[in-house]
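First the structure, in the form of structure tokens, and then the observations on it.
What follows draws every value from the coordinates through simple rules; no lab data is involved. None of these values were measured; they are calculated from a predicted model. Heads up, the Cβs are rebuilt from the backbone with ideal geometry, glycines too, and the neighbour counts pull from every protein chain shown.
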């Protein structure tokens, strides 16, 4: 699953800031997330940033996110010894970023899935060029995205995000919250991980929070009420008690990073 918001109409970059697109996937049957961030300054693309974070299975059979991303691991990622060009992953990512900045992601070509026309790069195109294009689409649509990795109540990996949309002057006009969760199963002493096919918003009533909600509201309904409140008053106006949102009509859920992520998304807007 990848997340992007397709722009329509005018293709100019009207608002400066940092725009991200991400994709969840699998690395050797464990969860992974890859993302690309594009920086826009004075209406021009000035930077690409590529990264990914993987997970592992601990001794308890739980899927846990690595403490560091592939970029943060640097040489500890240990690709260099097996790289046909003797380059670590972060070095190849930086070379690809520079190439895309000069020529655009559409200029990258591949052979059998491997990037073949960028000096200093021999890795597979693990969604990098596609995500770069999607990040550019978000920039054209004034969509600022912040995400965080975490865990469900059942200790399964999840991704939560907030998307803040602005008008062409950088004023926030829309806030969108969502979350993608996961399942795990054990067969023949092997633990298998799967991302859910739908997000919590997409599941709507099938998420099945309503029967246990003390206010009789499904998750997507509460998320929409929180979005409307934050749009009117700002995320800083939300208060909690013991972690649960307590001052928004129609909302009784825990603040699962929603206000912090919305603040983070707003902080990406450069005026």
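Residue separation of residue 110 and residue 42 scaled by 0.36 nm, minus their Cα-Cα distance, works out to 21.3 nm of gained length. Take every Cα pair under 8 Å whose residues are at least 6 apart in sequence, average their separation, divide by the length of the stretch 1-155, and the relative contact order is 28 percent.
Give, in nm to one decimal, the length gained when the segment between residue 155 and residue 270 is fully stretched (0.36 nm per residue of separation minus the Cα-Cα distance). Don't skip to the end; give the middle numbers.
On the way: separation 115, 0.36 × 115 = 41.40 nm, distance 3.60 nm.
Length difference between fully extended and current span is 37.8 nm.
Multiply the residue gap between residue 191 and residue 74 by 0.36 nm, knock off their C-alpha separation, and tell me the result in nm, one decimal place.
Values: separation 117, 0.36 × 117 = 42.12 nm, distance 2.88 nm.
Contour length minus the Cα-Cα distance gives 39.2 nm.
Computed on the chain, with alpha-carbon pairs under 8 angstrom and 6+ residues apart, the relative contact order is 17 percent.
Can you give the FRET efficiency to the nearest 0.05 for residue 244 and residue 84, using r as the Cβ-Cβ distance and R₀ = 35 Å? Approximately 0.10, to the nearest 0.05.
Report the far tail of the P(r) of the stretch 2-196, meaning the percent of Cα-Cα pairs longer than 29 Å. Percent of Cα pairs beyond 29 Å in the stretch 2-196: 30. Under the simplified labelling scheme, the residue 232-residue 198 pair shows an inter-label distance of 2.9 nm, with each label point 7 Å from Cα along Cα→Cβ. Normalised by the number of residues in the stretch 144-271, the average gap of Cα pairs under 8 Å and 6 or more apart makes the relative contact order 24 percent. Residues 121, 64, arranged from fewest to most other Cβ atoms within 10 angstrom of their Cβ, appear as 64, 121.
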